[in-house]
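K.L.:
Dropping a structure here in structure tokens format, bear with me for questions.
The values are calculated or read from the model by the stated rules, or taken from the named source; none is laboratory data. As the structure is a prediction and not an experimental result, all values here were calculated from the model. Cβ atoms come from the backbone with ideal geometry, glycine included; neighbour counts cover every protein chain shown.
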Amino acid sequence: MGLAAPTHAHAASYGTPVITLSATYLSGAVGATGDPVVTATVSQSGADASALTVAASASSKSAVAGTGDVTVTGTGGARRVAVAAHGSGYTDLTLKVTGLGGKTASKTLHYAASPAVQLAADTRYFTGSSDASAAVDVGGGYAVVADDESNTLRLYDRAASGAPVRTWDFSSSLGVSKEIDIEAAARVGNTIYWTGSLGNNKDGEIKADRATLFTTTVTGSGASTQLALGGKYKNLRADLIAWDKANGNHYGFAAGAAAGEVPKQIDGFNVEGLEFAPGSTTTAYIGFRAPLAPHVPGGKALIVPVTNIDKVITGTKAAFGAPIELDLGGLSIRDIRKNAADQYLIVAGSWAADDNSDPYALYSWDGVPGHAPVQRVQLPTTDAGGWEAVVDVPDLTVPGARAQLVTDDGSADLYGDGTEAKDLTHAEWKKSRATWFTVS
């Protein structure tokens, strides 16, 4: 009895443990590699953090992920919590810290799992947004990714699933109050050009902010990348329409961009690609999702060169070169990207809005008008999301070279509850899929 009293008194001196989570919402995917994790920070007054244990103690839906699917690593005050899903849907996971004196505390982790996808080992998920629309490599294994449902640019680690490491929103400085509908980007030197779709919204309404072209200046690289706003121009849409009118309305830009016309139709008006011409820092190729040329099934994809884009961004009216028509098997341009050797990759997809039921393909091209593109990969379409961006282009002459493509998952029902990803209430559950493909 004499020995028990000090032990009891010492136990009573321990405080209630504390557990905090770096995020209370987390997403994963069945069969995924390197899913996002959260950090559990634990402490207890009167005890060293290494004496505390952390484990999952309950799951509201073990068919999605049970307690045995939760792995906690680390021995100090910060523990790494990972979840391996084996079913799609939602579950609430209870994370319990047990301290000295038998005292405990718990936090709930709200977890959502999307289904398994093809090429899962080569797939990562960029969270925080589900509507990736353009991506630009900034070195060191990182990329800046745009979103067509907001004006936020996000910096991601290309090799890891998870949240952006940095974000920028230049809406105020650009003088826009609505989404620019950023759909394309191209980098030359330390300048990245970003453009809105230039088209109407899905209801056929003319929205001035979507006609925005702007630049950002890059400093640093990799995880240290910083962006500063450069120039802006809001008349490229009008310049393109005027150019087409002056050439006999050959492509029907005025009709396709008229009030009441939806952009994603075979004779619509919608830009989704931007890249520089071979060897040029001043001529940029504008790639169209719509229209096809001519406006019939099997028509060719359209590129219109802007020959003075460096001057356009400072307010000069755009000048245009001879249009380029490419045979992409009846598909249109969803993105175009080149490397320093002027090797291009083109993401080809439908002009229509029904992305998940239409084919996609990846083509290579040399950027020379009159030269035919060559199909490299027939892209898979059985998984949710539409292929929307290619981050960079490897040397296509090297066997086994790989390129990373990113999907727009905004319209996808990722978790089987009928909610489109863009409408999910928690940013951590929103995500776009980034997959590596062998292209040579």
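K.L.:
Take residue 367 and decide whether it is over 30 Å from residue 114 (Cβ atoms), over 21 Å from the mean Cα position of the chain (by Cα), of a type outside the set (Phe, Trp, Tyr) and assigned by TED's automatic domain parsing to the domain that holds residue 156.
P.N.:
Details: over 30 Å from residue 114 (Cβ atoms): yes; over 21 Å from the mean Cα position of the chain (by Cα): yes; of a type outside the set (Phe, Trp, Tyr): yes; assigned by TED's automatic domain parsing to the domain that holds residue 156: yes.
Criteria met by residue 367.
K.L.:
Picking from 113, 85, 65, 29, which residue would you name as being modelled with pLDDT of 95 or more, of a type in the set (A, V, I, L, M) and in contact with a Lys or Arg (Cβ under 9 Å, 6 or more places away or on another chain)? I'd like the intermediate steps shown before the answer.
P.N.:
Working: 113 fails: in contact with a Lys or Arg (Cβ under 9 Å, 6 or more places away or on another chain); 85 fails: in contact with a Lys or Arg (Cβ under 9 Å, 6 or more places away or on another chain); 65 fails: in contact with a Lys or Arg (Cβ under 9 Å, 6 or more places away or on another chain).
Of the residues listed, the single one that is modelled with pLDDT of 95 or more, of a type in the set (A, V, I, L, M) and in contact with a Lys or Arg (Cβ under 9 Å, 6 or more places away or on another chain) is 29.
K.L.:
Does residue 384 qualify as being in contact (Cβ under 8 Å) with a residue 60 or more places away in the chain, surrounded by fewer than 21 Cβ atoms within 10 Å (Cβ to Cβ) and out of contact with any Phe, Trp or Tyr (no Cβ under 8 Å at 6 or more places or on another chain)? Reasoning before the result, please.
P.N.:
Values: in contact (Cβ under 8 Å) with a residue 60 or more places away in the chain: yes; surrounded by fewer than 21 Cβ atoms within 10 Å (Cβ to Cβ): yes; out of contact with any Phe, Trp or Tyr (no Cβ under 8 Å at 6 or more places or on another chain): yes.
Yes: the conditions hold for residue 384.
K.L.:
A further question on this structure: Kindly indicate whether residue 385 is in the same structural domain as residue 143 (by TED's automatic domain parsing), modelled with pLDDT under 95, out of contact with any Cys (no Cβ under 6 Å at 6 or more places or on another chain) and within 20 Å of residue 332 (Cβ to Cβ). Outline the logic, then answer.
P.N.:
Details: in the same structural domain as residue 143 (by TED's automatic domain parsing): yes; modelled with pLDDT under 95: yes; out of contact with any Cys (no Cβ under 6 Å at 6 or more places or on another chain): yes; within 20 Å of residue 332 (Cβ to Cβ): yes.
So residue 385 passes the test.
K.L.:
For region 350-380, what are the residues that are part of a loop (DSSP other than H, G, I, E, B) and closer than 13 Å to residue 405 by Cα? Quick ask: steps written out before the conclusion?
P.N.:
Initial filter on region 350-380 (part of a loop (DSSP other than H, G, I, E, B)): 350-354, 358-359, 366-373, 380.
If the condition is that a residue be part of a loop (DSSP other than H, G, I, E, B) and closer than 13 Å to residue 405 by Cα, then 380 is the only one that fits.
K.L.:
Quick check on this structure: which one of 417, 413 is more than 17 Å from the chain's Cα centre (by Cα), of a type outside the set (S, T, N, Q) and assigned to a loop (DSSP other than H, G, I, E, B)?
P.N.:
Values: 413 fails: more than 17 Å from the chain's Cα centre (by Cα).
Result of the check over 417, 413: 417.
K.L.:
Pull up region 63-76, narrow it to residues that are surrounded by fewer than 16 Cβ atoms within 10 Å (Cβ to Cβ) and of a type in the set (Gly, Ala, Ser), then point me to the one that is nearest to residue 18 (Cα to Cα).
P.N.:
Per the stated criteria, the residue is 76.
K.L.:
Consider residue 129 against the criteria (1) surrounded by 15 or more Cβ atoms within 10 Å (Cβ to Cβ); (2) farther than 30 Å from residue 181 by Cβ; (3) within 29 Å of the chain's Cα centre (by Cα): it satisfies all of them except one. Which criterion is unmet?
P.N.:
For residue 129, the exception is condition (2).
K.L.:
Go through (1) within 29 Å of residue 174 (Cβ to Cβ); (2) under 24 Å from the mean Cα position of the chain (by Cα) for residue 381 and report which single condition fails.
P.N.:
Answer for residue 381: the failing condition is (1).
K.L.:
Working only within region 369-381, note down all residues that are closer than 23 Å to residue 352 by Cβ and free of Cβ contacts under 8 Å to residues at least 40 places away in the same chain.
P.N.:
Result: 378, 381.
K.L.:
List, please: which pairs have Cβ atoms under 9 Å, are six or more places apart or on different chains, and start with a residue in region 318-329 that is in the same structural domain as residue 373 (by TED's automatic domain parsing) and under 12 Å from residue 286 (Cα atoms) and end with one that is among the small types (Gly, Ala, Ser) and in a strand (DSSP E or B)?
P.N.:
Partner pairs satisfying both residue conditions: 323/293; 324/301; 325/293; 325/301.
K.L.:
Which of the strands (runs of 3 or more DSSP E) found entirely inside region 53-117 contain at least 3 residues meeting this: more than 28 Å from residue 418 (Cβ to Cβ) and touching a residue at least 60 places away in the same chain (Cβ under 8 Å)? Even if it seems obvious, please write down each step before you answer.
P.N.:
On the way: elements: 53-59, 70-73, 78-83, 89-98, 104-114.
Answer list for region 53-117: 89-98, 104-114.
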